[in-house]
Amino acid sequence: MSDRPCPQRGLDRIRPYVPGKPIDEVKREYGLSDVIKLASNENPLGVSPKAVDAMREAVTRVNLYPDASSYDLRTAIGAHFGFPIESIGIGNGADDLILQLSMACLDDGDRVVASRSSFPVYDIHAHVMRAEMVKTPLTDALGIDLEAMADAIDGRTKLIYVCNPNNPTGTIVRKAAVDRFMKRVPECVVVVFDEAYREMVDADDFPDTPAMVRDGRPNVVVLRTFSKVYGLAGIRIGYAFAHPDLVATLMRIKMVFNVNVVAQAAGIAALDDRAFLERSVETNLLGRRFLCGVFDRLGLRYAESHTNFVLVRIGPRAGEIQRALMETGVIVRPCGGYELPEYLRISIGTQEQNERLVGELARLLEAV
C-alpha cells in the first residue's frame with residue numbers, strides 16, 4: 001500500500017484540455033499591446049446589450065445564492081424552443097452537462113463512442129468515470145462518419161457523442177445520415193447531439209434533433225450553449241433538451257448552484273435579443289465567406305465549415321506558422337491535440353480582424 005493518497009484509475013488516461021491562450025498572456029509573453037484572439041470561437045461582436053443590462057441589475061443580488069433549479073432560465077429556454085421545463089437540463093457551460101451525462105450513464109468498463117478529431121471534453125469525463133473511449137475515423141471530407149459510429153456499437157456501449165457541427169472541423173452530418181444512424185442505435189444507448197454551433201449552420205437539411213426529443217425518444221439528448229452566438233462564453237451557460245426522466249436524473253446529479261445569478265439573468269435576456277442574434281449570424285456568415293475566399297486564392301485546403309471558425313490545412317509548417325502569427329499578435333488554434341497537426345483552426349472575427357489575420361498569414365506563407 002502506498003503511503004500517499006492515490007488518484008482513481010481513470011485519471012491516468014486523461015489528457016488535460018488546453019484552451020486557447022488568453023490575450024493578456026500573449027501580451028505579456030511577447031511584449032505586445034495589440035493582440036487579437038481568433039482561437040476560441042468567441043463572438044467578436046461582444047455581448048447582447050440586453051444581456052449586459054440584465055447582468056448589471058443581477059450584480060446587486062449576488063449576496064444571495066442563485067435558484068438551484070434555474071427555474072426562470074429553464075422556463076425561458078423551454079418557451080423559446082417549445083419544450084416544457086421538465087425537458088430542459090442546465091449546466092455551467094455544455095462541459096458541465098457532458099460531465100452530468102457521464103455521471104448519469106457510465107459505470108466502470110462501459111464504452112463511449114465519439115469521432116476522432118472532435119471535442120476532447122468527451123474523453124475527459126468518460127475517463128473520470130473509468131469508461132473506455134472508442135474513436136471512429138473522420139471521412140475524407142473531415143466529417144463525422146456515422147456509419148462507422150454505428151458499426152462501433154456493442155453490448156458495452158452506453159453513450160455516443162455526435163458533435164454537429166463538429167469541433168474542430170466545422171463540418172456537419174445531415175438529416176438523411178442521422179435518420180439512418182438512429183435506426184441502428186439501440187434504445188439503451190444514449191445519443192448526445194452536441195450542437196454548440198447550431199445557430200451558424202447554413203444548410204436546409206440539418207437534422208431536427210429537438211423533434212426527436214419532442215417525439216418522446218428517451219435516448220436522445222441535444223446540447224446547446226450561450227457561449228457562441230449569444231456571446232456569453234465568460235459566464236458559462238449550457239442547456240440540454242432531453243426526455244424528462246433523463247433531465248430529472250441530471251438535476252439530481254448536478255452541482256447544487258451550478259448556474260450563477262448573473263448567468264441566469266443574462267441567459268434570459270439574451271434569448272430576447274433577436275437583433276443581436278441576427279447580427280451575429282450575419283457577421284459570421286460574411287466573415288466565413290471572406291476567409292474561405294482568401295484561402296481559395298492562397299491555394300489552401302479547408303473543411304466545409306458551418307460554424308464561426310474554419311479549419312484550414314497549412315501543411316508541415318502549421319505549428320511554425322501558428323507561433324509566428326502569435327508573435328505578431330494574432331492568436332489562432334493549433335490542431336495537433338485534435339490529431340490534425342497540419343491544420344489551424346481560425347475563428348471568424350470582425351472584418352478588420354479577419355483582414356489582419358489573412359494579411360499576416362499570406363506574408364508568412366510566402367516566406368521561405
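FYI, it's all coordinate maths here, none of it is from the lab. Not measured: the values here are computed from a predicted model. Every residue, glycine among them, receives a Cβ derived from its backbone with ideal geometry; neighbour counts consider all protein chains shown.
Structure data summary
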read-out: Order of ILE90, ILE321 - criterion: other Cβ atoms within 10 Å of each residue's Cβ, fewest first; value: ILE321, ILE90
read-out: Euclidean distance of C-alpha centroids, the stretch 126-183 and the stretch 343-368, integer Å; value: 31 Å
read-out: The stretch 268-321: GluC sites (Glu not before Pro) in DSSP coil with no more than 16 other Cβ atoms inside 10 Å; value: GLU304
read-out: Alpha-carbon centroids, the stretch 95-118 and the stretch 20-60: separation in whole Å; value: 30 Å
read-out: Mean Cβ count within 10 Å, highest first, over the residues of peptides 289-297, 348-356, 121-129; value: 121-129, 348-356, 289-297
read-out: Ordering of 305-313, 38-46, 79-87 by burial proxy (mean other Cβ atoms within 10 Å per residue, highest first); value: 305-313, 38-46, 79-87
read-out: Gap separating the Cα centres of the stretch 284-302 and the stretch 187-255, nearest whole Å; value: 30 Å
read-out: Dipole in debye (nearest 20) - the chain, about Cα centre, beta carbon charges: Lys, Arg +1; Asp, Glu -1; value: 360 debye
read-out: Of the trypsin sites (Lys or Arg not before Pro) in the stretch 101-132, those whose Cβ has at most 11 other Cβ within 10 Å and which sit in DSSP loop; value: none
read-out: Helical mean residue ellipticity (222 nm; -39500 (n - 2.57) per DSSP H run of 4+; nearest 500) of the chain; value: -12000 deg cm²/dmol
read-out: Sites GLU355 and GLU327 - FRET efficiency at Förster radius 22 Å, r taken between beta-carbons, to 0.05; value: 0.75
read-out: Answer label, with Rg/Rh (Cα atoms, Kirkwood Rh) calculated from the coordinates and candidates (i) 1.12; (ii) 1.06; (iii) 0.96; value: (iii)
read-out: Segment LEU286-ASN63, length gained on full extension (0.36 nm per residue, minus Cα span); value: 76.0 nm
